[in-house]
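Reading through the structure tokens given below for one structure.
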Amino acid sequence: MISALLLSAGLGAVPGFFEANGRPASGAPRVGFVAAATSIYPSAPWVDADRQALTGFGLDLVEVDLTVLDCDALAAAVTGLDAIYLAGGNTFVLLHHLRRSGLDEILPQLLHDGMLYLGASAGAAVAGSDVEPLGLMDDPAEAPQLDSTRGLGLVDAVLLPHADGQLPPYPSSLVDKIVSTYGQRFPIQRIHDDQALLVVDGVATIVPSPLG
């Protein structure tokens with residue numbers, strides 16, 4: 001069974017997700033923390049907030065730096081993890097590093113073997129079928145080497161985080177423009193900042209995920 005929790009901003013659904021999946025029976029779940037989506041920014045306070053929140057939930061975070069890891073080093077870094085968490089930032093930069101590192105290739109087997117997937121904002125968006133519509137939220141030019149916008153395909157839809165238009169960089173008018181521009185080409189699943197998309201073997205359900 002492949003299980004994923006795709007968040008917009010609020011992380012309130014995370015503890016229940018781990019509890020529902022029984023990870024682990026004892027001790028703190030080990031979670032690979034991926035911040036590659038922020039590699040183009042001088043600072044990323046939202047990622048610092050994510051780390052603090054996840055640690056507060058009792059998770060044991062292990063940094064997985066996709067900007068430098070590849071092949072054998074990457075495989076070693078993710079061995080034995082209970083889950084992997086992809087933080088927000090630029091969706092296209094994150095997708096580039098997933099491809100460059102090879103994580104996109106080994107992730108399906110890891111998830112099939114029981115690793116849990118968690119992603120917030122960009123980390124949620126890359127789990128969908130495609131990220132092309134996110135080009136109105138993030139700048140694709142920040143990832144010039146990316147040659148395809150195809151996502152990880154955990155969900156057969158484009159995932160649109162911050163869809164309630166409450167986060168200042170992403171007003172309702174922008175969300176509506178994305179849907180009107182791309183809605184005929186792609187099925188679009190909106191995720192509000194206080195929601196998450198719970199995915200179990202490809203079946204997706206919106207669940208509450210309160211903001212911290």
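With respect to the conditions (1) without any contact (Cβ under 8 Å) to a residue 24 or more places away in the chain; (2) in contact with a Phe, Trp or Tyr (Cβ under 9 Å, 6 or more places away or on another chain); (3) not hydrophobic (A, V, I, L, M, F, W, C), Glu63 lacks only one, and its number is (1). One residue alone among Gly123, Gly128 is in contact with a strand residue (DSSP E or B) (Cβ under 9 Å, 6 or more places away or on another chain), closer than 14 Å to Ala35 by Cα, surrounded by 16 or more Cβ atoms within 10 Å (Cβ to Cβ) and of a type in the set (Gly, Ala, Ser), and that residue is Gly123. Reported count of residues in segment 150-168, each being open to solvent by 40 Å² or more (accessible area, probe 1.4 Å) and in contact with a Leu (Cβ under 9 Å, 6 or more places away or on another chain), is 2.
Scanning segment 69-83 for residues that are over 20 Å from Gly12 (Cβ atoms) and either exposed (fewer than 14 other Cβ atoms within 10 Å of the Cβ) or among the charged types (D, E, K, R) (or both) turns up Asp70, Cys71, Asp72, Ala73, Ala76, Thr79, Gly80. Could you go through segment 173-184 and let me know if any residue there is within 15 Å of the chain's Cα centre (by Cα), polar (S, T, N, Q) and either open to solvent by 10 Å² or more (accessible area, probe 1.4 Å) or under 30 Å from Leu69 (Cα atoms) (or both). No, because not a single residue in segment 173-184 is within 15 Å of the chain's Cα centre (by Cα), polar (S, T, N, Q) and either open to solvent by 10 Å² or more (accessible area, probe 1.4 Å) or under 30 Å from Leu69 (Cα atoms) (or both). Being β-branched (Val, Ile, Thr) and under 14 Å from Ser101 (Cβ atoms) is a condition met by no residue of segment 5-15. The residues in segment 109-120 that are open to solvent by 60 Å² or more (accessible area, probe 1.4 Å) and closer than 12 Å to Ala4 by Cα can be counted, and the count is 1. Hey, any hits in segment 26-41 for a residue that's more than 17 Å from the chain's Cα centre (by Cα), open to solvent by less than 40 Å² (accessible area, probe 1.4 Å) and modelled with pLDDT of 95 or more? The answer is yes; a qualifying residue exists. When you check Leu86 against the structure, is it open to solvent by less than 10 Å² (accessible area, probe 1.4 Å), in contact with an Asp or Glu (Cβ under 6 Å, 6 or more places away or on another chain) and either among the polar types (S, T, N, Q) or at pLDDT 95 or above (or both), yes or no? Against the criterion (open to solvent by less than 10 Å² (accessible area, probe 1.4 Å), in contact with an Asp or Glu (Cβ under 6 Å, 6 or more places away or on another chain) and either among the polar types (S, T, N, Q) or at pLDDT 95 or above (or both)), Leu86 does not qualify.
Evaluated against (1) aromatic (Phe, Trp, Tyr); (2) part of a helix (DSSP H, G or I); (3) open to solvent by less than 20 Å² (accessible area, probe 1.4 Å), Trp46 falls short on exactly one condition, (3).
The values are calculated or read from the model by the stated rules, or taken from the named source; none is laboratory data. Since this is a predicted model, take the numbers as computed values, not measurements. When we count neighbours, we look across all protein chains shown, and the Cβ atoms used for this are built from the backbone with ideal geometry, even at glycine. Heavy atoms of the whole protein, side chains included, go into the accessibility calculation; ligands, DNA and RNA do not. Shrake-Rupley method; radii C 1.70, N 1.55, O 1.52, S 1.80 Å.
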